[in-house]
Amino acid sequence: MNPELRDLYQEVVIDHSRKPRNFRKPEGANRSAEGMNPLCGDEIKVHLKLAGDVIEEIGFEGAGCAISKASASLMTTALKSKTKAEAEALFQRVHSMLTSGQGNVRLEELGKLAALSGVWEFPARVKCASLAWHTMRSALDGAGTRVSTE
Ligand code: ZN
């Protein structure tokens, strides 16, 4: 990756970890799930307001490391107003980016989420970055169960 892009990605992650977007339970939230990553100590709750098939509102609460917070924050901005199917498709792409590297996804199609692509180089942080996504998926499924990365 070129150094300028790397710097830009780092800035996005730092910005979102310091000032998480949608860090709240949205009014009218009707789905939620909890997730935890015992390896790092990240704990997160994802709330959705689902209207039919559309994610009208999404927010999160919890405590964790910078990567877990930045990933959750970026996720909420990416998924607002998306359908269930679109959310699932995005989950798959982000998961693939985090677990198998940048070669397998088109970063330009991921917008700001591409900022998380550098995490792939730090296997210990992959679970931090994917926690919010697994938790969102569980909330979307309506399973409401507790998700653990272990
Ligand atoms: Zn973490």
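The values are calculated or read from the model by the stated rules, or taken from the named source; none is laboratory data. The structure presented is a predicted model; accordingly, all values stated were derived computationally and were not measured. All Cβ positions, even for glycine, are placed from backbone atoms using ideal geometry, and neighbour counts span all protein chains on display.
Does region 43-63 contain at least one residue that is in contact with a Gly (Cβ under 7 Å, 6 or more places away or on another chain), touching a residue at least 24 places away in the same chain (Cβ under 8 Å), within 14 Å of the ligand (Cβ to nearest atom) and not charged (D, E, K, R)? Yes; the residues of region 43-63 include at least one that is in contact with a Gly (Cβ under 7 Å, 6 or more places away or on another chain), touching a residue at least 24 places away in the same chain (Cβ under 8 Å), within 14 Å of the ligand (Cβ to nearest atom) and not charged (D, E, K, R).
All of (1) touching a helix residue (DSSP H, G or I) at 6+ places or on another chain (Cβ under 9 Å); (2) in a helix (DSSP H, G or I); (3) among the charged types (D, E, K, R) hold for Arg21 with one exception: (2). Residues that are within 16 Å of the ligand (Cβ to nearest atom), closer than 29 Å to Glu27 by Cα and crowded, with 16+ Cβ neighbours inside 10 Å: does region 100-114 have at least one? Checked region 100-114: no residue is within 16 Å of the ligand (Cβ to nearest atom), closer than 29 Å to Glu27 by Cα and crowded, with 16+ Cβ neighbours inside 10 Å.
Evaluation of Arg24 against the conditions (1) within 16 Å of the ligand (Cβ to nearest atom); (2) surrounded by fewer than 17 Cβ atoms within 10 Å (Cβ to Cβ) shows that the sole unmet condition is (1).
Residues of region 1-21 that are more than 23 Å from Ala63 (Cβ to Cβ) and among the basic types (Lys, Arg): Arg6 alone.
Taking residues in region 120-137 that are in a helix (DSSP H, G or I), and partners anywhere that are surrounded by fewer than 20 Cβ atoms within 10 Å (Cβ to Cβ) and small (Gly, Ala, Ser), the pairs with Cβ atoms closer than 7 Å and at least 6 places apart or on different chains are Trp120/Gly101. Which of the numbered conditions does Val147 fail, given that it passes all the others? Conditions: (1) within 16 Å of the ligand (Cβ to nearest atom); (2) of a type in the set (A, V, I, L, M); (3) farther than 18 Å from Leu8 by Cα; (4) modelled with pLDDT of 90 or more. Single failed check for Val147: (4).
Conditions tested, residue by residue: (1) surrounded by 14 or more Cβ atoms within 10 Å (Cβ to Cβ); (2) on the phi < 0 side of the Ramachandran plot; (3) hydrophobic (A, V, I, L, M, F, W, C); (4) in contact with a Cys (Cβ under 9 Å, 6 or more places away or on another chain).
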| site | (1), (2), (3), (4) |
| --- | --- |
| Glu11 | no, yes, no, no |
| Gly28 | no, no, no, no |
| Lys45 | yes, yes, no, no |
| Leu48 | yes, yes, yes, no |
